[in-house]
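Student: First the structure, which I've put down as C-alpha coordinates, then a few questions once you've had a look.
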Amino acid sequence: VPPIAALRDVAVDNSGSSRIRAGLAVLLLAFGLFSISPAFGSEPGSDQIKTVGAGLGILLLAVLVAGPVIARPLARVIGAGLPLIKGITGRLARENAMRSPRRTASTASALIIGVTLVSFISIFASSAKASINAAIGTGFEGDYIIQPANQFSFSGAPPSLADDIAKVDGVSNVTALTFTEGQITLSPERQLGAFVGGIDPTTTPGIFSFKMSEGKVDDLGPGGILVDKAVAKDEGVKIGDKLSILSGTGRTAEFTVSAISDDPAILGQWTIDRADTGKLTAEPTDFLLGISLDPGVAPDDIRADLRAAVKPFPNMKLQDREQYTSSIVGTITALLNVIYALLAVSIVIALIGIANTLSLSIHERTRELGLLRAMGMTRSQLRSSVRWEAVIVALMGTAIGIGLGLALSYTMVKVLVSQGVDEFAVDGTFLVIVVLGGAALGVLASVRPAWKASKLNVLDA
(Lines give C-alpha, C1' and ligand atoms only; values in the text may rest on other atoms or scores of the structure.)
Protein backbone atom coordinates (compact mmCIF):
# COMPACT_ATOMS: atom_id res chain seq x y z
CA VAL A 1 0.00 0.00 0.00
CA PRO A 2 1.54 3.38 -0.96
CA PRO A 3 2.28 5.47 2.14
CA ILE A 4 0.12 8.34 0.87
CA ALA A 5 -2.85 5.99 0.58
CA ALA A 6 -2.28 4.62 4.07
CA LEU A 7 -2.27 8.12 5.55
CA ARG A 8 -5.21 9.40 3.52
CA ASP A 9 -8.32 10.46 5.53
CA VAL A 10 -11.46 8.66 4.50
CA ALA A 11 -13.42 11.82 5.33
CA VAL A 12 -12.17 15.31 6.04
CA ASP A 13 -13.64 16.92 9.17
CA ASN A 14 -14.31 20.60 8.47
CA SER A 15 -16.56 21.18 11.48
CA GLY A 16 -13.83 23.23 13.12
CA SER A 17 -14.14 25.88 10.43
CA SER A 18 -17.94 25.86 10.06
CA ARG A 19 -19.20 29.43 9.86
CA ILE A 20 -22.78 28.36 10.53
CA ARG A 21 -21.76 26.58 13.74
CA ALA A 22 -19.59 29.51 14.84
CA GLY A 23 -22.39 31.97 14.08
CA LEU A 24 -24.95 29.93 16.03
CA ALA A 25 -22.57 29.67 18.98
CA VAL A 26 -22.04 33.46 18.96
CA LEU A 27 -25.80 34.08 18.87
CA LEU A 28 -26.37 31.70 21.79
CA LEU A 29 -23.51 33.30 23.69
CA ALA A 30 -24.90 36.79 23.12
CA PHE A 31 -28.39 35.72 24.21
CA GLY A 32 -26.99 33.97 27.27
CA LEU A 33 -24.94 37.02 28.29
CA PHE A 34 -27.99 39.24 27.84
CA SER A 35 -30.05 36.89 30.03
CA ILE A 36 -27.54 36.93 32.89
CA SER A 37 -26.89 40.69 32.71
CA PRO A 38 -29.46 41.48 35.48
CA ALA A 39 -27.18 39.63 37.93
CA PHE A 40 -24.58 42.35 37.54
CA GLY A 41 -27.02 45.23 37.92
CA SER A 42 -27.71 47.21 41.06
CA GLU A 43 -29.37 45.01 43.67
CA PRO A 44 -30.88 42.27 41.46
CA GLY A 45 -34.31 41.18 42.66
CA SER A 46 -35.50 37.66 43.39
CA ASP A 47 -37.76 37.79 40.32
CA GLN A 48 -34.66 37.81 38.12
CA ILE A 49 -33.23 34.54 39.45
CA LYS A 50 -35.14 32.37 36.96
CA THR A 51 -34.06 34.51 34.00
CA VAL A 52 -30.43 34.38 35.06
CA GLY A 53 -30.67 30.62 35.64
CA ALA A 54 -32.00 30.15 32.10
CA GLY A 55 -29.17 32.33 30.80
CA LEU A 56 -26.60 30.10 32.50
CA GLY A 57 -28.09 27.08 30.74
CA ILE A 58 -27.91 28.90 27.39
CA LEU A 59 -24.24 29.74 27.99
CA LEU A 60 -23.46 26.06 28.61
CA LEU A 61 -25.31 25.18 25.39
CA ALA A 62 -23.34 27.84 23.50
CA VAL A 63 -20.05 26.29 24.61
CA LEU A 64 -21.18 22.81 23.56
CA VAL A 65 -22.27 24.11 20.13
CA ALA A 66 -18.93 25.89 19.73
CA GLY A 67 -17.04 22.74 20.77
CA PRO A 68 -15.75 21.72 17.30
CA VAL A 69 -14.78 25.33 16.54
CA ILE A 70 -12.67 25.73 19.68
CA ALA A 71 -11.45 22.11 19.90
CA ARG A 72 -8.53 22.46 17.48
CA PRO A 73 -6.97 25.63 18.98
CA LEU A 74 -7.51 24.34 22.53
CA ALA A 75 -5.90 20.99 21.73
CA ARG A 76 -2.98 22.87 20.19
CA VAL A 77 -2.51 24.96 23.35
CA ILE A 78 -3.01 22.12 25.85
CA GLY A 79 -0.63 19.82 23.99
CA ALA A 80 1.94 22.54 23.19
CA GLY A 81 4.58 21.06 25.47
CA LEU A 82 4.13 17.43 24.47
CA PRO A 83 6.54 17.47 21.47
CA LEU A 84 9.26 18.78 23.78
CA ILE A 85 8.59 16.11 26.39
CA LYS A 86 7.69 13.08 24.29
CA GLY A 87 9.21 13.96 20.92
CA ILE A 88 7.49 12.60 17.81
CA THR A 89 5.11 10.55 19.99
CA GLY A 90 3.87 13.70 21.69
CA ARG A 91 3.56 15.50 18.36
CA LEU A 92 1.41 12.69 16.94
CA ALA A 93 -0.80 12.68 20.05
CA ARG A 94 -1.31 16.44 19.77
CA GLU A 95 -2.08 16.39 16.05
CA ASN A 96 -4.44 13.43 16.41
CA ALA A 97 -6.43 15.40 19.00
CA MET A 98 -6.53 18.36 16.58
CA ARG A 99 -7.32 16.53 13.33
CA SER A 100 -10.98 15.75 14.04
CA PRO A 101 -12.53 18.67 15.96
CA ARG A 102 -16.05 17.22 15.98
CA ARG A 103 -14.88 13.90 17.40
CA THR A 104 -12.70 15.62 19.98
CA ALA A 105 -15.51 17.98 21.01
CA SER A 106 -18.14 15.25 21.24
CA THR A 107 -15.75 13.10 23.28
CA ALA A 108 -15.09 15.94 25.70
CA SER A 109 -18.71 17.15 25.91
CA ALA A 110 -19.82 14.65 28.55
CA LEU A 111 -16.78 15.53 30.62
CA ILE A 112 -17.44 19.26 30.12
CA ILE A 113 -20.97 18.91 31.49
CA GLY A 114 -19.87 16.76 34.42
CA VAL A 115 -16.93 18.96 35.44
CA THR A 116 -19.01 22.12 34.97
CA LEU A 117 -21.67 20.83 37.36
CA VAL A 118 -19.13 19.54 39.88
CA SER A 119 -17.22 22.85 39.82
CA PHE A 120 -20.42 24.90 39.95
CA ILE A 121 -21.85 22.99 42.90
CA SER A 122 -18.51 23.00 44.76
CA ILE A 123 -17.87 26.73 44.32
CA PHE A 124 -21.47 27.68 45.02
CA ALA A 125 -21.47 25.56 48.18
CA SER A 126 -18.19 27.16 49.32
CA SER A 127 -19.73 30.58 48.68
CA ALA A 128 -22.86 29.66 50.62
CA LYS A 129 -20.74 28.46 53.56
CA ALA A 130 -18.66 31.65 53.47
CA SER A 131 -21.84 33.74 53.37
CA ILE A 132 -23.28 31.88 56.35
CA ASN A 133 -20.06 32.24 58.33
CA ALA A 134 -19.94 35.95 57.51
CA ALA A 135 -23.60 36.44 58.45
CA ILE A 136 -23.21 34.58 61.73
CA GLY A 137 -19.85 36.21 62.44
CA THR A 138 -21.31 39.72 62.13
CA GLY A 139 -24.98 39.04 62.92
CA PHE A 140 -24.84 36.68 65.91
CA GLU A 141 -22.92 38.17 68.83
CA GLY A 142 -24.24 35.91 71.59
CA ASP A 143 -22.69 32.89 73.29
CA TYR A 144 -25.44 30.27 72.95
CA ILE A 145 -28.38 29.64 70.70
CA ILE A 146 -31.39 27.35 71.08
CA GLN A 147 -33.19 26.16 67.97
CA PRO A 148 -35.24 23.14 66.75
CA ALA A 149 -33.32 19.87 66.82
CA ASN A 150 -34.53 19.24 63.28
CA GLN A 151 -33.44 22.21 61.17
CA PHE A 152 -36.22 21.48 58.69
CA SER A 153 -38.87 21.64 61.40
CA PHE A 154 -40.81 24.79 62.29
CA SER A 155 -41.78 23.63 65.78
CA GLY A 156 -40.63 25.78 68.66
CA ALA A 157 -40.88 26.21 72.40
CA PRO A 158 -43.37 28.17 74.55
CA PRO A 159 -42.32 31.62 75.84
CA SER A 160 -41.77 30.07 79.27
CA LEU A 161 -38.46 28.61 78.06
CA ALA A 162 -37.01 32.08 77.56
CA ASP A 163 -38.12 32.98 81.10
CA ASP A 164 -36.44 29.85 82.50
CA ILE A 165 -33.20 30.55 80.63
CA ALA A 166 -33.14 34.14 81.93
CA LYS A 167 -33.22 32.82 85.51
CA VAL A 168 -30.07 30.70 85.04
CA ASP A 169 -27.17 32.11 87.03
CA GLY A 170 -24.58 33.58 84.66
CA VAL A 171 -27.02 34.52 81.87
CA SER A 172 -26.87 38.18 81.02
CA ASN A 173 -29.60 38.46 78.41
CA VAL A 174 -32.03 36.30 76.41
CA THR A 175 -33.85 37.22 73.24
CA ALA A 176 -36.37 35.08 71.38
CA LEU A 177 -37.40 34.99 67.73
CA THR A 178 -40.88 33.74 66.91
CA PHE A 179 -42.09 32.27 63.67
CA THR A 180 -45.53 32.35 62.04
CA GLU A 181 -46.76 31.23 58.65
CA GLY A 182 -49.41 33.27 56.90
CA GLN A 183 -50.63 35.24 53.91
CA ILE A 184 -49.71 38.89 53.47
CA THR A 185 -52.10 41.19 51.64
CA LEU A 186 -50.38 44.18 50.09
CA SER A 187 -53.43 45.24 48.10
CA PRO A 188 -56.76 43.67 47.09
CA GLU A 189 -55.01 42.34 43.97
CA ARG A 190 -51.76 41.23 45.61
CA GLN A 191 -51.42 38.46 48.23
CA LEU A 192 -48.22 36.64 49.15
CA GLY A 193 -47.57 33.50 51.13
CA ALA A 194 -44.95 34.34 53.73
CA PHE A 195 -43.06 33.26 56.83
CA VAL A 196 -43.30 36.05 59.41
CA GLY A 197 -40.66 36.33 62.11
CA GLY A 198 -40.99 38.16 65.40
CA ILE A 199 -38.28 39.86 67.47
CA ASP A 200 -38.04 41.96 70.60
CA PRO A 201 -35.92 45.02 69.68
CA THR A 202 -35.25 45.75 73.36
CA THR A 203 -33.47 42.43 74.03
CA THR A 204 -31.60 41.82 70.75
CA PRO A 205 -28.61 44.21 71.36
CA GLY A 206 -25.50 42.24 72.27
CA ILE A 207 -26.99 39.01 70.86
CA PHE A 208 -28.05 39.84 67.30
CA SER A 209 -26.87 42.68 65.11
CA PHE A 210 -29.14 43.31 62.15
CA LYS A 211 -28.20 45.07 58.92
CA MET A 212 -30.74 47.65 57.85
CA SER A 213 -31.38 49.38 54.53
CA GLU A 214 -33.71 52.15 55.73
CA GLY A 215 -34.48 53.03 59.31
CA LYS A 216 -33.39 51.20 62.46
CA VAL A 217 -34.44 48.05 64.28
CA ASP A 218 -35.51 50.28 67.17
CA ASP A 219 -38.17 51.74 64.86
CA LEU A 220 -40.03 48.45 65.14
CA GLY A 221 -42.75 48.54 67.75
CA PRO A 222 -46.24 47.17 68.33
CA GLY A 223 -48.18 47.28 65.06
CA GLY A 224 -44.99 47.67 62.98
CA ILE A 225 -43.25 45.37 60.54
CA LEU A 226 -39.78 45.16 58.97
CA VAL A 227 -39.61 44.27 55.27
CA ASP A 228 -36.51 42.92 53.53
CA LYS A 229 -35.18 45.37 50.94
CA ALA A 230 -35.29 42.81 48.10
CA VAL A 231 -38.99 42.17 48.74
CA ALA A 232 -39.62 45.89 49.20
CA LYS A 233 -38.02 46.57 45.83
CA ASP A 234 -39.90 43.79 44.04
CA GLU A 235 -43.28 44.69 45.55
CA GLY A 236 -42.88 48.47 45.72
CA VAL A 237 -43.23 48.55 49.52
CA LYS A 238 -42.17 51.73 51.34
CA ILE A 239 -41.93 52.86 54.96
CA GLY A 240 -45.38 53.89 56.14
CA ASP A 241 -47.27 51.46 53.90
CA LYS A 242 -49.98 49.38 55.53
CA LEU A 243 -50.55 45.65 55.02
CA SER A 244 -52.49 42.85 56.65
CA ILE A 245 -51.46 39.32 57.61
CA LEU A 246 -53.81 36.33 57.69
CA SER A 247 -52.25 33.58 59.82
CA GLY A 248 -52.70 29.84 59.46
CA THR A 249 -55.05 29.91 62.47
CA GLY A 250 -57.41 32.31 60.67
CA ARG A 251 -56.48 35.43 62.62
CA THR A 252 -55.92 38.71 60.77
CA ALA A 253 -53.93 41.74 61.88
CA GLU A 254 -52.83 44.98 60.21
CA PHE A 255 -49.29 46.32 60.32
CA THR A 256 -47.43 49.44 59.20
CA VAL A 257 -43.98 49.19 57.59
CA SER A 258 -41.55 50.67 60.14
CA ALA A 259 -38.20 50.08 58.39
CA ILE A 260 -36.53 48.23 55.51
CA SER A 261 -34.15 45.46 56.60
CA ASP A 262 -31.14 44.01 54.78
CA ASP A 263 -30.50 40.79 56.70
CA PRO A 264 -32.40 37.90 55.08
CA ALA A 265 -30.17 35.29 56.73
CA ILE A 266 -31.48 36.14 60.22
CA LEU A 267 -34.52 38.40 59.89
CA GLY A 268 -36.00 36.78 56.81
CA GLN A 269 -38.37 38.81 54.63
CA TRP A 270 -41.05 39.91 57.11
CA THR A 271 -40.51 40.63 60.81
CA ILE A 272 -42.95 41.94 63.39
CA ASP A 273 -42.66 42.79 67.07
CA ARG A 274 -42.63 39.62 69.17
CA ALA A 275 -45.45 41.04 71.29
CA ASP A 276 -47.68 41.11 68.19
CA THR A 277 -47.35 37.39 67.58
CA GLY A 278 -50.36 36.84 69.84
CA LYS A 279 -52.48 38.73 67.30
CA LEU A 280 -51.82 35.95 64.77
CA THR A 281 -51.85 32.82 66.91
CA ALA A 282 -53.35 31.81 70.24
CA GLU A 283 -50.23 29.85 71.21
CA PRO A 284 -47.07 31.77 70.26
CA THR A 285 -43.87 29.72 70.12
CA ASP A 286 -40.25 30.79 70.08
CA PHE A 287 -38.41 29.33 67.13
CA LEU A 288 -34.95 30.53 68.13
CA LEU A 289 -33.43 31.87 71.35
CA GLY A 290 -30.15 33.76 71.61
CA ILE A 291 -28.26 33.90 74.89
CA SER A 292 -25.45 36.17 76.09
CA LEU A 293 -23.49 35.49 79.28
CA ASP A 294 -22.25 37.71 82.06
CA PRO A 295 -18.68 39.04 81.71
CA GLY A 296 -16.17 36.47 82.92
CA VAL A 297 -18.52 33.50 82.51
CA ALA A 298 -17.15 30.87 80.12
CA PRO A 299 -19.64 28.95 77.94
CA ASP A 300 -18.56 25.60 79.41
CA ASP A 301 -19.21 26.86 82.96
CA ILE A 302 -22.91 27.26 82.32
CA ARG A 303 -23.56 24.55 79.72
CA ALA A 304 -24.97 21.99 82.19
CA ASP A 305 -27.47 24.47 83.69
CA LEU A 306 -28.66 25.54 80.25
CA ARG A 307 -29.11 21.93 79.16
CA ALA A 308 -31.21 21.29 82.25
CA ALA A 309 -33.48 24.19 81.34
CA VAL A 310 -33.87 22.95 77.75
CA LYS A 311 -34.34 19.26 78.68
CA PRO A 312 -38.17 19.48 79.06
CA PHE A 313 -38.33 20.46 75.37
CA PRO A 314 -36.81 17.53 73.39
CA ASN A 315 -37.61 19.23 70.08
CA MET A 316 -35.09 22.00 70.90
CA LYS A 317 -31.30 21.79 71.07
CA LEU A 318 -28.68 23.93 72.77
CA GLN A 319 -25.60 24.96 70.79
CA ASP A 320 -22.71 27.28 71.46
CA ARG A 321 -21.53 29.68 68.79
CA GLU A 322 -19.15 27.22 67.10
CA GLN A 323 -21.68 24.36 67.15
CA TYR A 324 -24.34 26.60 65.63
CA THR A 325 -22.12 27.53 62.71
CA SER A 326 -20.96 23.95 62.19
CA SER A 327 -24.51 22.59 62.17
CA ILE A 328 -25.57 24.89 59.33
CA VAL A 329 -22.43 24.19 57.31
CA GLY A 330 -22.81 20.47 58.03
CA THR A 331 -26.29 20.47 56.51
CA ILE A 332 -24.91 22.01 53.31
CA THR A 333 -22.05 19.49 53.25
CA ALA A 334 -24.42 16.52 53.63
CA LEU A 335 -26.56 17.75 50.74
CA LEU A 336 -23.40 18.39 48.74
CA ASN A 337 -22.19 14.81 49.20
CA VAL A 338 -25.46 13.48 47.79
CA ILE A 339 -25.11 15.73 44.73
CA TYR A 340 -21.48 14.65 44.24
CA ALA A 341 -22.55 11.01 44.26
CA LEU A 342 -25.08 11.73 41.51
CA LEU A 343 -22.57 13.74 39.48
CA ALA A 344 -20.06 10.89 39.74
CA VAL A 345 -22.34 8.96 37.39
CA SER A 346 -21.85 11.62 34.70
CA ILE A 347 -18.09 11.36 35.13
CA VAL A 348 -18.29 7.58 34.63
CA ILE A 349 -20.31 8.17 31.46
CA ALA A 350 -17.62 10.57 30.27
CA LEU A 351 -14.98 7.91 30.95
CA ILE A 352 -16.88 5.38 28.85
CA GLY A 353 -17.38 7.98 26.10
CA ILE A 354 -13.67 8.76 25.84
CA ALA A 355 -12.78 5.07 25.76
CA ASN A 356 -15.38 4.26 23.08
CA THR A 357 -14.41 7.20 20.88
CA LEU A 358 -10.73 6.28 21.10
CA SER A 359 -11.53 2.70 20.17
CA LEU A 360 -13.46 3.88 17.09
CA SER A 361 -10.60 6.21 16.25
CA ILE A 362 -8.14 3.33 16.43
CA HIS A 363 -10.36 1.35 14.06
CA GLU A 364 -10.53 4.25 11.59
CA ARG A 365 -6.75 4.66 11.63
CA THR A 366 -5.89 1.00 11.19
CA ARG A 367 -3.82 1.47 8.01
CA GLU A 368 -2.15 4.57 9.37
CA LEU A 369 -1.13 2.78 12.56
CA GLY A 370 0.15 -0.16 10.52
CA LEU A 371 2.34 2.16 8.46
CA LEU A 372 3.72 3.86 11.58
CA ARG A 373 4.60 0.48 13.05
CA ALA A 374 6.21 -0.60 9.76
CA MET A 375 8.31 2.59 9.79
CA GLY A 376 9.70 1.64 13.20
CA MET A 377 7.26 2.94 15.82
CA THR A 378 7.38 0.62 18.82
CA ARG A 379 4.37 -0.73 20.64
CA SER A 380 5.15 1.34 23.74
CA GLN A 381 5.44 4.49 21.60
CA LEU A 382 2.07 3.77 20.01
CA ARG A 383 0.46 3.21 23.41
CA SER A 384 2.02 6.45 24.64
CA SER A 385 0.66 8.36 21.64
CA VAL A 386 -2.89 7.10 22.20
CA ARG A 387 -2.62 7.72 25.94
CA TRP A 388 -1.48 11.32 25.55
CA GLU A 389 -4.19 11.96 22.97
CA ALA A 390 -6.75 10.90 25.57
CA VAL A 391 -5.11 13.10 28.21
CA ILE A 392 -5.35 16.13 25.89
CA VAL A 393 -9.05 15.48 25.29
CA ALA A 394 -9.69 14.94 29.02
CA LEU A 395 -7.77 18.06 30.04
CA MET A 396 -9.62 20.09 27.41
CA GLY A 397 -12.98 18.97 28.82
CA THR A 398 -11.76 19.61 32.35
CA ALA A 399 -10.42 23.09 31.55
CA ILE A 400 -13.62 24.17 29.82
CA GLY A 401 -15.71 22.67 32.62
CA ILE A 402 -13.79 24.47 35.37
CA GLY A 403 -13.91 27.76 33.46
CA LEU A 404 -17.65 27.43 33.00
CA GLY A 405 -18.14 26.35 36.61
CA LEU A 406 -16.30 29.45 37.86
CA ALA A 407 -18.26 31.79 35.59
CA LEU A 408 -21.66 30.24 36.30
CA SER A 409 -21.19 30.06 40.07
CA TYR A 410 -19.93 33.66 40.23
CA THR A 411 -23.00 34.81 38.30
CA MET A 412 -25.34 32.83 40.54
CA VAL A 413 -23.77 34.33 43.68
CA LYS A 414 -24.24 37.81 42.22
CA VAL A 415 -27.95 37.26 41.55
CA LEU A 416 -28.58 35.65 44.96
CA VAL A 417 -27.36 38.61 46.98
CA SER A 418 -30.98 39.33 47.90
CA GLN A 419 -31.20 35.82 49.39
CA GLY A 420 -28.20 36.31 51.69
CA VAL A 421 -25.53 34.65 49.49
CA ASP A 422 -23.07 37.50 49.07
CA GLU A 423 -19.63 35.90 49.44
CA PHE A 424 -17.78 34.30 46.50
CA ALA A 425 -15.36 31.60 47.69
CA VAL A 426 -13.31 29.15 45.64
CA ASP A 427 -11.75 25.98 47.04
CA GLY A 428 -8.45 26.00 45.11
CA THR A 429 -7.42 22.58 46.41
CA PHE A 430 -10.60 21.02 45.08
CA LEU A 431 -10.07 22.55 41.62
CA VAL A 432 -6.51 21.19 41.50
CA ILE A 433 -7.89 17.75 42.38
CA VAL A 434 -10.43 18.08 39.56
CA VAL A 435 -7.66 18.93 37.04
CA LEU A 436 -5.50 16.01 38.16
CA GLY A 437 -8.56 13.79 38.13
CA GLY A 438 -9.29 14.85 34.56
CA ALA A 439 -5.79 13.86 33.45
CA ALA A 440 -6.07 10.55 35.31
CA LEU A 441 -9.44 9.99 33.66
CA GLY A 442 -7.81 10.35 30.24
CA VAL A 443 -5.11 7.82 31.13
CA LEU A 444 -7.69 5.38 32.49
CA ALA A 445 -9.93 5.73 29.43
CA SER A 446 -7.00 5.11 27.10
CA VAL A 447 -5.82 1.83 28.62
CA ARG A 448 -7.87 -0.53 26.46
CA PRO A 449 -7.72 1.48 23.18
CA ALA A 450 -3.95 1.88 23.57
CA TRP A 451 -3.51 -1.84 24.23
CA LYS A 452 -5.72 -2.65 21.24
CA ALA A 453 -3.68 -0.34 18.98
CA SER A 454 -0.37 -1.84 20.08
CA LYS A 455 -1.64 -5.36 19.32
CA LEU A 456 -2.48 -4.64 15.66
CA ASN A 457 -0.78 -7.00 13.21
CA VAL A 458 1.47 -4.75 11.13
CA LEU A 459 0.94 -6.56 7.81
CA ASP A 460 -2.82 -6.95 8.29
CA ALA A 461 -3.08 -3.27 9.24
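Student: Would you kindly state how much longer the chain becomes between ASN150 and TYR340 on full extension, computed as 0.36 nm times their sequence separation minus their alpha carbon distance, in nm to one decimal?
Tutor: Full-extension gain reported as 66.0 nm.
Student: Right, here's the next one. Round to the nearest 0.05 the FRET efficiency obtained for SER187 and GLU43 when R0 = 25 Å and r is the Cβ-Cβ distance.
Tutor: 0.60
Student: With a sphere of radius 12 Å drawn around the Cβ of LYS414, what net charge do the other residues whose Cβ falls strictly inside it have (Lys, Arg +1; Asp, Glu -1)?
Tutor: Net local charge, LYS414 excluded: -3.
Student: Still on this model: In a shell of Cβ-Cβ distance under 11 Å around ASP294, excluding ASP294 itself, what net charge do Lys and Arg (+1) and Asp and Glu (-1) give?
Tutor: -3
Student: Return the ratio Rg/(2.2 N^0.38 Å) for region 284-362, where Rg is computed over Cα atoms only.
Tutor: With N residues counted in region 284-362, Rg over 2.2 N^0.38 Å equals 2.10.
Student: Under unit Cβ charges (Lys, Arg +1; Asp, Glu -1), what dipole magnitude, rounded to 20 debye, does the chain have relative to its Cα centre?
Tutor: Here the size comes out at about 3940 debye.
Student: Could you pull out every one of the lysines with an alpha carbon less than 24 Å from that of LYS455, ignoring same-chain neighbours closer than 8 positions?
Tutor: LYS86
Student: If you split all Cα-Cα distances of region 148-274 into 5 Å bins from zero, what percentages do you get per bin, shortest first?
Tutor: Bin by bin from 0 Å, the calculated values are 2, 10, 20, 23, 19, 14, 8, 3, 1, 0, 0.
Student: Something else now. Within region 232-267, name every residue whose backbone N is under 19 Å away from a label modeled 7 Å from Cα of GLN419 along the Cβ vector.
Tutor: Residues 232-235, 262-267 fall inside that zone.
Student: Okay, next question. Taking the Cα centroid of region 217-261 and of region 421-444, what is the distance between the two, rounded to the nearest whole Å?
Tutor: Here the two parts' Cα centres lie 45 Å apart.
Student: If you don't mind, there's one more thing I want to ask. Where the centre of each part is set by its Cα atoms, how far does region 326-360 sit from region 80-102, in angstrom?
Tutor: Result: 29 Å between the Cα centres.
Student: Identify, among SER384, ASN133, ILE260, the residue whose Cα sits farthest towards the positive end of the charge dipole of the chain, taking +1 on the Cβ of Lys and Arg and -1 on the Cβ of Asp and Glu, with the dipole about the Cα centre.
Tutor: SER384
Student: Quick one, which of (i) 61, 25, 16; (ii) 83, 27, 23; (iii) 48, 27, 25 is the actual semi-axes √(5λ) of the Cα gyration tensor in Å calculated for this model?
Tutor: Recomputing semi-axes √(5λ) of the Cα gyration tensor in Å here gives the entry labelled (i).
Student: Moving on. How charged is the neighbourhood of ASP234? Take every other residue with its Cβ under 12 Å from the Cβ of ASP234, and add Lys/Arg as +1 and Asp/Glu as -1.
Tutor: -1
Student: Of all accessible surface on the chain at a 1.4 Å probe, what whole percent is carbon and sulfur?
Tutor: Result for the chain: 61 percent of the exposed heavy-atom area is carbon or sulfur.
Student: Let me ask something else. Could you list the chymotrypsin sites (Phe, Trp or Tyr not before Pro) in region 143-200 that lie in coil according to DSSP, counting only those with at most 16 other Cβ atoms within 10 Å of their Cβ?
Tutor: Sparse-neighbourhood loop chymotrypsin sites (Phe, Trp or Tyr not before Pro): PHE152, PHE154.
Student: Order TRP451, TRP270 by their accessible area, 1.4 angstrom probe, all chains in place, largest first.
Tutor: Ranking TRP451, TRP270 by accessible area, largest first, yields TRP451, TRP270.
Student: What does the convex hull of the alpha-carbon atoms of region 18-60 project to on average, in nm²?
Tutor: Projected area, direction-averaged: 2.8 nm².
Student: Within region 301-331, find all residues whose amide N lies under 17 Å from a label point positioned 7 Å from the Cα of ASP169 along Cα-to-beta-carbon.
Tutor: Under 17 Å, as judged by backbone N against the label point of ASP169, lie 301-309 of region 301-331.
Student: In addition: Tell me which aspartates and glutamates have Cα within less than 15 Å of LYS129's Cα, excluding those fewer than 8 residues away on the same chain?
Tutor: By straight Cα distance, LYS129 reaches GLU322, ASP422, GLU423, ASP427.
Student: Per the Cauchy relation, a quarter of the hull surface: what is the mean projected area of the convex hull of the alpha carbons in region 339-458, in nm²?
Tutor: With every direction weighted equally, the projected area is 8.8 nm².
Student: Determine the gain in length on full extension of the stretch ASN457-THR252; use 0.36 nm per residue of separation and subtract their C-alpha separation, reporting nm with one decimal.
Tutor: Full extension from ASN457 to THR252 adds 65.2 nm.
Student: Under DSSP H, which helices of the chain have Cα atoms covering 27 Å or more of the helix axis and a Kyte-Doolittle average no less than 0.0?
Tutor: What comes out of the filter, once short or polar helices are dropped, is 101-139, 321-364, 379-415, 428-454.
Student: Taking only the alpha-carbon positions of region 32-120 and ignoring solvent, what does the Debye formula give for the base-10 log of I(q)/I(0) at q = 0.20 Å⁻¹?
Tutor: For region 32-120, the Cα-only Debye profile gives -0.93.
Student: Output ³J(HN,Hα) for region 202-213: one whole-Hz value per residue in order, computed from phi by the Karplus curve 6.51 cos²θ - 1.76 cosθ + 1.60 with θ = phi - 60°, and x for Gly and Pro.
Tutor: 7, 10, 6, x, x, 10, 10, 10, 9, 7, 10, 9
Student: For the pairs LYS50/LYS229; LYS279/LYS311; LYS167/LYS229; LYS216/LYS311; LYS167/LYS238; LYS233/LYS311, flag any whose C-alpha to C-alpha distance is greater than 31 Å.
Tutor: In this structure, LYS167/LYS229; LYS216/LYS311; LYS167/LYS238; LYS233/LYS311 lie more than 31 Å apart at Cα.
Student: From Cα pairs below 8 angstrom and at least 6 apart in sequence, can you work out the relative contact order of region 314-461, rounded to a whole percent?
Tutor: Relative contact order of region 314-461: 43 percent.
Student: May I ask for the longest run of the chain untouched by trypsin sites (Lys or Arg not before Pro) that are loop-located per DSSP and have at most 14 neighbouring C-beta atoms (other than their own) within 10 Å?
Tutor: Result for the longest clean stretch: 239-454.
The values are calculated or read from the model by the stated rules, or taken from the named source; none is laboratory data. Keep in mind it's a predicted model, so treat the numbers as computed, not measured. Ideal geometry is used to build each Cβ from the backbone, glycine not excepted, and the neighbour counts take in all protein chains shown. To get the accessible areas, we keep the full protein, side chains included, count just its heavy atoms, and leave off ligands, DNA and RNA. Shrake-Rupley method; radii C 1.70, N 1.55, O 1.52, S 1.80 Å.
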